[in-house]
Structure formats: structure tokens, C-alpha cells
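Structure, as C-alpha cells:
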Amino acid sequence: MTELDDPRRSVPRELAPLLRMEVAPVSVSIFEAIEKSIPEYGQFRDNVVDGIRQALVKFVDRIAAPDAEPDPHDDIHRKLGAWEFKSGRSLDSLQAAYRIGARVAWRHVCAFAERRELSLHLMSVLGEAMIAHVDELVSLSVEGYAAAQASAAGTLERKRRKLMELLVGDPASNWQVVLDAAEAAAWPMPDRLSAVALEPSAAAADDLPGEVLVNFEDATPYLLVPNPVAVPRWLRGRCR
């Protein structure tokens, strides 16, 4: 969706002050509906309420000043996506919360239109604008979730690379340092460990068990395979 296609630009600007008066009561209604359907969000009331309020304020701000540059520091919805990942959840609950919020907001829009005697056309314009806004918020949260996921994967990969360096280092590292590194890398320390040297042309594969430590970056790539681990067909085929 381009700026010119944005239906929020079609909403008359003079409605912005009137809609802004609705932000507080609509925020409360949306939170109550979300808390009822997704009880776990109740314990994060401040974060959820702040996200709802900012979503509504951003909607009104876009109507009031459609050409204004977005605030680069206003990233609450990316943070909500990242928060879901860091809490060990999928995006299902957050996306459900957005759908609930959209339904409640639409009911308020209908009541608002009736009080202000708005035309059916203007109601339709407001509805399209609201849907576009929710779609944008969902996209921001997906971006935040993906960024947090990528960051965590990169951090874990660095920790596992450090662990590999400790395990194959000469002289051997202090054992407690190794144990601490294994814990930080979320890697269960095995009783035995097998090192598997690979041909320099060996290609990386993503079908190895998560317990196998992988180094395809060095000139002499290798694996560290905990025992007992069922070495997959991929590894057996390359060890022949």
C-alpha cells in the first residue's frame, strides 16, 4: 500500500479532533475485551494498554496530518512483537488481540457515526481506514518478532561458536568455564563427545540435530557430536 492508496488519507481532517475524544473510552473497551479473551495479557496491563492507546492516537494523528513524517522513536508495536518472542510465545495471541481490538473499535466507530450523523459513505471510509491501520500495526509487530528471533539466533550461534572454541582449544580450558559456556549456549553437556572432520567442500545442512555443534566456516570444517546422538542420514552419507 502506497501513501497515495492509504484510505486514512480519505478521512476528512475535521473528524480528527472528534475522534481524539474517543481514544480514552475506546482504549478501555478494547483492553477489557482482550483481557476477557486472552487472560494472560491481564498481567501485562500497562504494556497492553499503552499499545492500544498509541495505536488509536497514531490512527487519529494520521487522519489529522496525513503528510507528517512518522516518529522514528515510536516503535511500540515492533516492541510488542519482540516481547511476544522473548516471552516464548508465537504471534497468535497478539494477532488475535489486534482482531479483537478492530472489532471493538468498529463498534465504537458505528456509534460515533450515528451520534455525529455521518453518511454511510463516510462510515465506509472510516472502516477502510481502520482496517488499513490495523494491517500496518500487525506488520510492525511481525517485523519486531522476526527481528527479535533473528537476534536471538545470532546470539545463540555466537555462544555456540565460542563453546566450540573452548572444547577444541589447546590447552584445554578450565572445566567450569566450559560448563558455563555450555549453559549460556543452551547446550546440554554430554558424557562423551565425538569430533567429525569434514571435507573443505562440505555444505552446511539444516537437518542436523540441535545438539550437534557445527563449524562450516573454518578451512577445515568439523562437527562436534554428543554421545549418544542419532547421527542423521546426512552425516552418515558424508562419512563414507
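Only the coordinates and a few stated rules stand behind these numbers; no lab work does. Source: prediction; values computed, not measured. Neighbour counts are summed over all protein chains in view; Cβ atoms, including those assigned to glycine, are modelled from backbone coordinates with ideal geometry.
When residues in region 7-45 are screened for being touching a helix residue (DSSP H, G or I) at 6+ places or on another chain (Cβ under 8 Å), outside any helix (DSSP H, G or I) and closer than 26 Å to residue 122 by Cα, 3 of them pass.
When the residues of region 47-71 are filtered to those that are within 20 Å of the chain's Cα centre (by Cα), surrounded by 18 or more Cβ atoms within 10 Å (Cβ to Cβ) and aliphatic (A, V, I, L, M), the one that is farthest from residue 26 (Cα to Cα) is 48. Can you find a residue in region 140-158 that is in contact with a strand residue (DSSP E or B) (Cβ under 6 Å, 6 or more places away or on another chain) and over 21 Å from residue 30 (Cβ atoms)? Looking for residues that are in contact with a strand residue (DSSP E or B) (Cβ under 6 Å, 6 or more places away or on another chain) and over 21 Å from residue 30 (Cβ atoms), one finds none in region 140-158, hence no.
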